[in-house]
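Written below as structure tokens is the structure these notes are about.
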Amino acid sequence: MARGGFACPGLLGMLLVILSLWSPLAYAGGVSVTRASTELRDGSLWLDADARLELFKDQADALSSGVQLVFAWDVVIEQDRGWWGTRELNTDAWRARLEYHSLSQLYRVFWSSSGGQSLEPESFASLEGAADYISHPRNLWLAPASAVPLPGAYRGRARLRLVHDSLPLPIRPRALFASSWQLSSEWYLWAF
Amino acid sequence: MGVLNAPPAKTHATARYLRSLYRRHIRPLVPWVSALVALVLMGSLYLLTDALQNSTRYESLYVWLLAVNAGGVLFLLAVVLAHVWRLWLSVRAHVPGSRLTVRLLRAYVLLGLAPAAIVFFFSMNFIQRGIDSWFDVRIEQALNDALELSRASLEVRMREALRLTRRAAEQLSDSEGSGLDARSSLSAMPSLQQGLGDLGAGSPGASLPQDASSLEERLAPSEQAHDELAVLALDKLRRETDALEMSLFGAGGRIIASAADGSRALVPERPGESVLAHVRQGRHYLALEPMGSQASRSAASPEDAEANPADALAVRVVVPLERYAGASDHRLLQAIFLVDARLATLADSVQSAFHQYRELIYLRHSLKQNFVMALGLALLLSVLMAVWLAFVAATRLTEPIRDLVLGTRAVADGDYSRRLPVQRTDDLGLLMRSFNTMTARIAESAEETRRLKDEADAQRDYLETVLQHLSSGVLTLSDDAQVRHANAAAASLLGVPLGELQQIDLPALCECYEHLLPLCEALEGWLRQDGASELLREVRLVNEGERSILMVRGAPLAHDWAQGGSRYELRGAGEVNEEGGLVLVMDDITAIIQGQRDAAWSEVARRLAHEIKNPLTPIQLSAERLRRKLGAVLNEADAQVLERATHTIVQQVEAMKHMVNDFAEYARMPQSRMTALDFTALVRDVLDLYRGGVVRMRLVSKDAPIWIDGDALRLRQLLHNLLKNAAEALQEAAQPVESPQINLSLSLRQSSRQVELLVEDNGPGFPPELLEHIFEPYVTTRPKGTGLGLAIVKKITEEHAGKVRVSNAPEGGARVQLCFPAHLDGLEHDDGVDKLAD
């Protein structure tokens, strides 16, 4: 290296490593969306989706210790307007809160949307059943039909992820860098 | 390759530009940016620790606070490393003050690190023990026991619910098996729905399934009536058992009938497939379930859940109806019993406490890590800031010292204009002010010295100019006789190039130029005798046949010559002593002496001619009278004697007249009339007079005329004297010369603007002992010569501002060289060719 150049190449390398670890896309295992579709029915736009959600032992331990996990179905609907570009529609985001009920020894799932809607909670004797319930949502209300005027070309994308912000504060740094806590799927795209 | 092999000059220029950019614009901002970063980091660190203590505040910013702190620490680390790198370069380059900076920095860092390390150690210990002290095995066990106790309490309620459900199932089976004719009953009723509605009025939870039409389509008419009657029975049983809901399910889990409390929804909660499969195997299902319809669980956020901790609990019991006569398959009875609110609240409280404690235990390790991380960041921040401040402090402290060192070096190198910036009021500032005062005084002294030196140089230049333009030669010699200064006149008088004269000592000079030996001998004799008094001596030099007489005056300079030995010891090798020595002033008095001699000879000649010429005519007349008077009276023998005697007298008188005329001619004052004349034509004219003689004469010259300013008559006389002397010398030589010949060569020297006439013969030449005096009167080699020929030649030559030199040719024969100044207009016409003329 020439004299007078960058003094600390090791520091730069360390910074790059930290930035690479920082990226949430560094670990994307455990969750993948296999299908998603929307349907206009009864004056509303509904979402049906299928995903593969495998929870690690870390999540099972956390649940049994009383930690609640929140999974989010991020859904984005865009209208393709040709020369005018795309327009993103306002749709509800759904979250599923998973918790363990010690008295009944059941796993419970509570659905709620950003629009204030909620579904009847469901209880499951096994964690796998609860995860399966979260990963296969049916008839999730997204938007009124008026928000999706027809005819029109629309694109949708959806993903399922563990919401780190809902985790207890002390384990958030670990969740940022631990691969077992990187539960976020790639975006699944479809058109309708 | 062209890109890879970029010109180094361009690369260096770019690097210089970047360095200049950094020094001008970026470097001044670094302290302010660093201070700002430090402040931001301190604030961010405070928020980070506050978020750890109270998770509800800054919770969403926690990760960003971590990132900001980590980035800030990295920034400070980079700043510190940059300082370290620069300091290391300074130490390697031996920059003044760099080593002192290192020592100060080491001391500062040690002073800062030691307490920080101690605080960090004890804080770590406190965190570890403090967090561990939150947990107690007994508390954990108590919470576990409390949860188990709650479960046990609820289990009693669950068994009771099971018992009631089983009894209800048995009653339902018994009543259904008694053979109710559902078909007739249904037909007797005006409307089943109306009846159910009536039932619902009395018992609001009793109802048929909402999708009654489809149910009707699927069921056979007898079964349909049977099932509708079952609703009444279910509602009766539900109220008897105090169940919240009681439902009858058929094959595939289809709802046959349901009776529920009025607060429940019309559609009963259907058990899951696993429950159905479990019960179809003939076993019962008993489970405690939280009731999801509570408002407390309607929101997905943990905050909402914590705000409404109470959760309703229910017992779900599913049992098979094995003796259900009217059904074609097994039927299941599900009953949901609400747990007593008081018990549910207590159980939920126990569960909440259990969860909180378990969560704390679960988060204990992470919590420690977070506290350690925050503490580590705080420590890193503190240490890095301390190191950075140590750099700043050390630099500020050593900066004036470095300036002092640089200033001292500048003064040592002779730069007295360096002034140190005085921006401090402490002792270092006083020291720098003193330094500035000292350098100012030194500068004044140096300026005075320089001014005096300039004056001395000016005086020396003035003296040098005067010396260079003096007609007298001036030589200054050092104590060791080395020529220190010499002017051009000295070089000309001594016949030595000026450059060589100034780079040699006098003895060596005399060895190189032998004609200077008389001068060295005179000096040596003077120094040997005294050396302290002034020298005044006449020195005769003969350089290449040209004689010159120098009047040499010498005097010691500055100090005694004889004391030089003691001073020599004080000199370094190679030094030139600028003091002492002696000065020699030389004047060419050759012309003066020659003039005096010529004047004396002229006076002698004039007197001689006057005194001798007057009696010659009476003598000649008397002799002729004697011959005429006595020749007739004497006898023949006496007459012959008389005749010979008188003839001899007359001849000698004629010779004496001739000699006297020569003397008169020599003594005659020159009255030349100078005009421009063609010297070549003049020489040819004179040579024509001697053509056909015994001595052969030949002229080598160019066709073009060579012009000089001269008196034709006098020049003819000069040539006659030369040629006549040469011819007589050849003819009167002791040993006869075969083919006597005189060669003349006439040429023009453009460089020196001189016309040279060279006259050579093939005779015996000049006796060497006479060369020095050959131009003096009465100096001759011929028995009959008067010795005035060459003297007259020299006189006429000098009348024409010329020079004459005599010598012997190396191959033998005499050689006379005459030089005259060329006429200026004739210099440009020397384009002829050499021509030989006899």
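Values quoted throughout were computed directly from the atomic coordinates according to the rules given, and no laboratory measurement underlies them. If you're wondering where the values come from, they're calculated on a predicted model, not measured in any experiment. Don't worry about glycine lacking a Cβ; one is built from the backbone with ideal geometry, like all the others, and counts go over all protein chains shown.
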Problem - For the range B:740-745, 3J(HN,Hα) per residue [Karplus equation, 6.51 cos²θ - 1.76 cosθ + 1.60, θ = phi - 60°, Hz, x = Gly/Pro] - result: x, 8, 10, 10, 10, 10
Handout entry: Cβ charges +1 (Lys, Arg) and -1 (Asp, Glu), total dipole of the range A:32-180, debye
Key = 340 debye
Handout entry: Loop-located chymotrypsin sites (Phe, Trp or Tyr not before Pro) in the range A:127-184 whose Cβ has at most 15 other Cβ within 10 Å (DSSP)
Key = none
Handout entry: the range B:622-661-the range B:747-776 distance, computed between alpha-carbon centres (Å)
Key = 43 Å
Fill in the blank from the handout: If each K or R counts +1 and each D or E counts -1, the residues other than residue A:87 whose Cβ falls under 9 Å of its Cβ total -2
Practice task
Any chance you could get the radius of gyration and Dmax over the Cα atoms of the range B:474-521, in Å?
Solution key: 9.4, 24
Practice task
Provide the FRET efficiency to the nearest 0.05 for the residue B:111-residue B:29 pair, computing r from the beta carbons and using R0 = 25 Å.
Solution key: 0.30
Problem - Centroid-to-centroid separation of the range B:87-119 and the range A:69-109 [C-alpha atoms, Å] - result: 57 Å
Fill in the blank from the handout: Rounded to whole Å, √(5λ) for the Cα gyration tensor eigenvalues of the range B:423-556, largest first, gives 50, 16, 13
Exercise for the section: Stick to the Cα atoms of the range B:97-173, pair each with every other, and give me the Kirkwood hydrodynamic radius in Å at one decimal. Expected result: 19.0 Å
Handout entry: Whole-angstrom gap from the range B:422-499 to the range A:134-186, using each part's C-alpha centre
Key = 93 Å
Exercise for the section: Please report, to two decimal places, log10 I(q)/I(0) for the range A:32-180 at q = 0.11, 0.12 Å⁻¹ as given by the Debye formula with identical point scatterers on the Cα atoms and no solvent. Expected result: -0.48, -0.56
Practice task
Let me know the shape class of the range A:132-192, please: from the alpha-carbon gyration tensor, a ≥ b ≥ c as square roots of the eigenvalues, rounded when a/c is under 1.5, otherwise prolate if a/b is greater than b/c, or oblate.
Solution key: prolate
Fill in the blank from the handout: Expressed to two decimals, the range B:317-469 has a Cα Rg over Rh, using the Kirkwood radius, of 1.82
Fill in the blank from the handout: residue B:423 neighbourhood, Cβ < 13 Å, K/R = +1, D/E = -1, net charge +1
Handout entry: Residue-count net charge about residue B:592 - beta-carbon cut-off 14 Å; Lys, Arg +1, Asp, Glu -1
Key = -2
Fill in the blank from the handout: If R0 = 25 Å, then residue B:704 and residue B:809, at their Cβ-Cβ distance, give a FRET efficiency to the nearest 0.05 of 0.40
Fill in the blank from the handout: Going residue by residue through the range B:36-46, the Karplus relation 6.51 cos²θ - 1.76 cosθ + 1.60 with θ = phi - 60° gives ³J(HN,Hα) values, rounded to whole Hz and with x marking Gly or Pro, of 5, 4, 4, 5, 4, 5, 5, x, 5, 5, 5
